Amino acid sequence: MKAAWYETQGPAGDVLVVGEMPDPIPEAGEVRIRVQTSGINPGDVKKRSDAFGVGMPFPRIIPHNDGSGVIDMVGDGVSPARVGDRVWCFGAQSYRPFGTAADYVVVPESNTGTLPDRVDFAQGACLGIPGVTGHRAVHVAGRPAGRTVLVQGGAGAVGSAAVALAHFAGARVIATVRSSEQEVVAQAAGADAVIRTDGIPPTEVVSRILDVEPEGVEHIVEVAFHANVLVDEQVLRQGGSIATYATGDPNPTIPFWPLVFKNVRIYFLGSDDFTSSDRSQAVADLSAALETGWTGYSIAARFPLEEVAQAHRTVEQGNVGGRVVVDLAGGAV
């Protein structure tokens, strides 16, 4: 099969190689997917550049956790009827060496979700890590139905999924965004109210949120814990909660006593280590949300596998207005 890989970490153009590798064979409980589209997440490029400082966990790594395609082979214990299923997958390169930047990828059957016929492969390739993270961020503190959920960064990859999934679960959803373009994304995902935060101080952000929900919100999905925790504390109700999956400062300062006096619960979420039951529920709800009308992600750029290094650079540059994917030549149809 044709694949992209790296054997040392560093800049995309220096370390990414495209070449031929043996076709993988699924083991017990696994499926092989003929990949149509490989999705790129920020975590994928950070692993390649060693931004987390953990080094190379395997001698050779095919990058990218998420992808989509058609199951063409199954291992022992998996129904042969799965062959031919259109699927999206996640976690392909979590604790495993070979991700989706290849003609074929092998993953546990539990790491796949049904891709509805009306949803294209590029969309499916974007669902995985952001969608599963967004689902957990919405549900980690209990049933969202009837509650008010604030999604900070409601137009991002995780944020827009969180908006859609909170709406799908019956919550009232408030989203913050930074631009008119992002406002459209959050509204399309199902936000009941969208608040623009560009160019206004944190005190005004607090005021605008409380104008929408004077009693405060019950749960917050947080994309920038270091920057927003002061705002979060002020808009949370007594006994509220924060689910955070990212921060710009690895050692953020928090308003300890105000959080204590409100009995706030804070959940720190790492998608690689969600339980199997949490992942299974996320997969089911994501596929159901797509079936019932969520339009999913905007695809900003598509690259052939031979240009995977440029695809990584595009993700690193940011501000592309949507998701970046790699189209696999000769992929499933």
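All of the numbers you see were taken from the coordinates with simple rules; none came from a lab. Nothing here was measured: the structure is a model prediction, and the numbers come from that model. Cβ coordinates were reconstructed from backbone atoms using ideal geometry, including for glycine residues, and neighbour counts include every protein chain displayed.
Look at the dipole of the chain built from charges on Cβ: of ILE61, PHE225, THR295, the Cα furthest out on the positive end belongs to PHE225.
Only helices enter this figure: runs of n ≥ 4 DSSP H residues, each worth -39500 (n - 2.57), summed and divided by the residues of the chain, yield -9000 deg cm²/dmol at 222 nm to the nearest 500. Take the Cα of ASP273, step 7 Å toward its Cβ, do the same at PHE58, and the gap between the two points is 2.1 nm. Enter the angle in degrees (range 0 to 90, nearest 10) between the Cα long axis of helix 225-235 and the first principal axis of the Cα atoms of the chain, meaning the one along which they spread out most. Tilt relative to the chain: about 40 degrees. Translational diffusion of the chain was estimated from the Stokes-Einstein equation, with Rh taken as the Kirkwood radius over Cα pairs; at 20 °C and 1.002 mPa s the coefficient is 106 µm²/s.
Each Lys and Arg Cβ is given +1 and each Asp and Glu Cβ -1; about its Cα centre, segment 45-201 then shows a dipole of about 480 debye. Shown for segment 234-323 is the translational diffusion coefficient from the Stokes-Einstein equation, using the Kirkwood radius over Cα pairs, a temperature of 37 °C and a viscosity of 0.692 mPa s: 190 µm²/s. Note on segment 45-69 and segment 203-225: Cα centroid distance 35 Å, given to the nearest whole angstrom. Around the Cα centre of segment 130-272, unit charges on the Cβ atoms of Lys, Arg, Asp and Glu (plus for the first two, minus for the last two) sum to a dipole of about 380 debye. Counting neighbouring Cβ atoms within 10 Å and putting the fewest first, the residues GLU7, GLU30 line up as GLU7, GLU30. For the Cα atoms of the chain, what angle does the longest principal axis make with the long axis of helix 128-139, in degrees from 0 to 90, nearest 10? So the helix axis and the longest Cα principal axis differ by about 30 degrees. Ranking of ILE200, ILE71, ILE40 by neighbouring Cβ atoms within 10 Å, starting from the fewest: ILE200, ILE71, ILE40. A dipole drawn for the chain from +1 and -1 charges on Cβ atoms has a positive end, and of PRO26, ILE242, VAL320 the residue lying farthest that way is ILE242. Expressed to the nearest 5 percent, the antiparallel share of DSSP beta bridges inside the chain is 50 percent. Distance between the 7 Å Cα→Cβ label points at ILE266 and GLN281: 2.4 nm.
Compute the distance from the alpha-carbon center of segment 165-186 to that of segment 244-286, in whole Å. Measuring centre to centre over Cα atoms gives 19 Å. Computed over the alpha carbons of segment 130-272, Rg followed by Dmax gives 13.4, 38 Å.
For SER79, neighbours were defined as the other residues whose beta-carbon sits under 15 Å from its Cβ, and their charges (Lys and Arg +1, Asp and Glu -1) total -3.
With the simple spin-label model, which puts each label point 7 Å out from Cα in the Cβ direction, the LEU210 to ALA145 separation comes to 3.2 nm.
Rounded to the nearest 20, the size of the Cβ-charge dipole of the chain about its Cα centre is 380 debye, with Lys and Arg at +1 and Asp and Glu at -1.
Given in Å, the Rg to one decimal and the Dmax to the nearest whole number for the Cα atoms of segment 190-262 are 12.1, 34.
Helix 276-291 axis versus longest C-alpha principal axis of the chain: approximately 90°, rounded to the nearest ten. Annotation for segment 44-113: chymotrypsin sites (Phe, Trp or Tyr not before Pro) lying in DSSP loop with at most 14 further Cβ atoms inside 10 Å of their Cβ are PHE52, TYR95.
Applying both filters, DSSP loop and at most 16 other Cβ atoms within 10 Å, to the trypsin sites (Lys or Arg not before Pro) of segment 15-80 gives ARG60.
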